[in-house]
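Please treat every number below as a calculation from the coordinates, not as lab data. If you're wondering where the values come from, they're calculated on a predicted model, not measured in any experiment. Every residue, glycine among them, receives a Cβ derived from its backbone with ideal geometry; neighbour counts consider all protein chains shown.
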Amino acid sequence: MTDAAASVPVRRLSDWDAAELHTLVEDYGSPLYVLDRERVRENYRRLETAFPDAEILYAVKANALGEVLSTLREAGAGLECASAGEVQRALGAGASGSEVHYTAVNPPARDLDWVVDAWADGPELTVTAGSEDTIDRLEERGYDGRLCLRVNPGIGAGHHEKVATGAAAKFGVPAERAVDVLADAADRGFDVVGIHAHVGSGVSSDQLEAHREFVARMGDLARNVAGVVGGLEFVDVGGGFGVPYREDEAPLDLESVAEATREALGAVDADLTIEPGRYFVADAGVLLTEVNTVKEARETTVTGVDAGMTTLLRPAMYDAYHPIRNLTAEAGDGSIEAENGPAGRERVPQTVAGPICESGDVFCTDRQLPASKRGDVLAIGNAGAYGYEMANQYNSRPRPASIVLADSEARLARRRETVTDVTRPEREARSASPTDRKNDHDRATDTDNDPVR
Ligand SMILES: *Cc1c(COP(=O)(O)O)cnc(C)c1O
């Protein structure tokens, strides 16, 4: 085991072995997600070192691959789940009820039904409700287990408005109502265990003051609530630990964040809980994609690749920056630095674009990269978080395969989809009996299937 001190705070795209990645595309095709399991472990250990007294949950929605869940579980993390499907995955990865927090955001009835069923087998499961309706609906289903209240602190943070959830009315009960709501829930027999807020993704060192203010409010609230419901087990301040996407961006200073958090929380007789997602997996993953088109346009050179916004949505959805390398050019040149050397390729501004019929389907605009050639393999960095998870089948495009690097070998962790996978639900609908068709809505979280691994 590597100890935390030996683990660098960020793994840059330039730290990956170009030849090794190149071989993976030759073996498994393109586009291809690659995830390094050891890096996920290192990220966990650094966080554990900075927050030795905190309970650490992994926000599964960042990357729900079974191997990621089992790796983080084994390292000591609990699992924060955003849906019944994620709870199903968590249990499938071997988690017990006590390791699972289910955060219900406008939960569909079938999610609540499924989770309340799972609670019967794992009564230590925690449900985080973000509205009084959700508490009522849990009660209607006979749930009187561990309940946490998601509050809306009225402060948002984050790298893009679409992920600044703290101030959005959608999430949580207004903090000023929390004491009443929880006192009422305790009266109704719920086991009130915690309060929760997540102020959005992308908390960074220069937003430390906002973080401090947010945590201080949570500390005050925890003291008020504890007085009314007779004690709290934990105060969950969410995730949102930022990672540097740009090559020149400094990594988050975890120690300062941890210190600010402890200080701001003040004295509370409850555990601190954090639930980062991105931080564990972002720099543990890359997306590999092959160049199929090089086109001189009027204003730029367009490098067409086989991955698109359906493979990695973040640039199109959040204007997110992801570093890019041309692995083939580097292999040929020996070094990217040899840009003007005899074998080196010249760097030219390029717009790297995918195969989707949308103008937003670009990974970068006018970025200086070694001149691309058809057949080159590009690596897109920091793709381990919200990469495959947000992939979709728009344009009838099957989702890519995923490789896990572990114990110095590469393993296919999820096969590439085919068009047959994309069209299967339609064929099944045509061949199903009328009764099957009507009952289909119950199958969204199908308990008859083996747990998803
Ligand atoms: C998405 C999410 C997280 C994780 O956010 P990151 O930015 O990936 O750390 C944590 N908690 C909740 C409730 C979330 O929705």
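Bins of 10 Å, beginning at zero and ending with the bin holding the largest distance: percent of Cα pairs per bin for the stretch 216-271, please. Bin by bin from 0 Å, the calculated values are 21, 41, 23, 12, 3. For the stretch 217-328, the convex hull spanned by the alpha carbon atoms encloses 159 Å³ per residue. Remark: the Cα gyration tensor places the stretch 50-119 in the prolate category, a/c being 1.5 or greater and a/b exceeding b/c. Its residue count N fixes a reference of 2.2 N^0.38 Å for the stretch 104-276, and the Cα radius of gyration divided by that reference is 1.06.
Counting other beta carbons within 10 Å of each Cβ, put Thr273, Thr435, Thr49, Thr303 in order, fewest first.
Thr435, Thr49, Thr273, Thr303
Taking a spot 7 Å from the Cα of Asp366 along the direction of its beta carbon, which residues of the stretch 258-301 have an amide N less than 17 Å from it? Under cut-off, by backbone N: 296-301. Under the combined filter of DSSP loop state and at most 10 neighbouring Cβ atoms within 10 Å, the stretch 74-158 retains none of its chymotrypsin sites (Phe, Trp or Tyr not before Pro). With the simple spin-label model, which puts each label point 7 Å out from Cα in the Cβ direction, the Glu346 to Asp407 separation comes to 5.0 nm. Full extension of the chain segment joining Glu417 with Glu255 gains 54.2 nm, where the gain is 0.36 nm per residue of separation less the Cα-Cα distance. Annotation for Asp319 and Ala331: the two label points, set 7 Å from Cα along the Cα-Cβ direction, are 3.6 nm apart. If one puts a single equal scatterer on every Cα of the stretch 283-414 and applies the Debye formula without solvent, what log₁₀ I(q)/I(0) results at q = 0.10, 0.18 Å⁻¹? One equal scatterer on each Cα of the stretch 283-414 leads to -0.33, -1.02.
Principal-axis analysis of the Cα atoms of the chain puts helix 419-431 at an angle of about 50° to the longest axis. With the helix formula -39500 (n - 2.57) applied to DSSP H stretches of n ≥ 4, the chain reaches a computed 222 nm mean residue ellipticity of -9500 deg cm²/dmol.
A compact globular protein would have a Cα radius of gyration near 2.2 N^0.38 Å; the ratio found for the chain is 1.03. Taken as Cα centroids, the stretch 105-121 and the stretch 229-246 sit 23 Å apart, rounded to the nearest whole angstrom. Could you check the simple spin-label distance between Glu38 and Glu124, using points 7 Å along Cα→Cβ, in nm with one decimal? Inter-label distance under the simple model: 3.2 nm. Taking the charge dipole of the chain about its Cα centre, with +1 at Lys and Arg Cβ atoms and -1 at Asp and Glu Cβ atoms, the residue from His196, Pro355, Asn106 reaching farthest to the positive side is Pro355.
State, as an integer percentage, the relative contact order of the chain based on alpha-carbon contacts under 8 Å between residues 6 or more apart. Computed value for the chain: 19 percent relative contact order. A full extension of the chain between Ala186 and Glu139 corresponds to an added length of 15.7 nm, given 0.36 nm per residue minus the alpha carbon distance.
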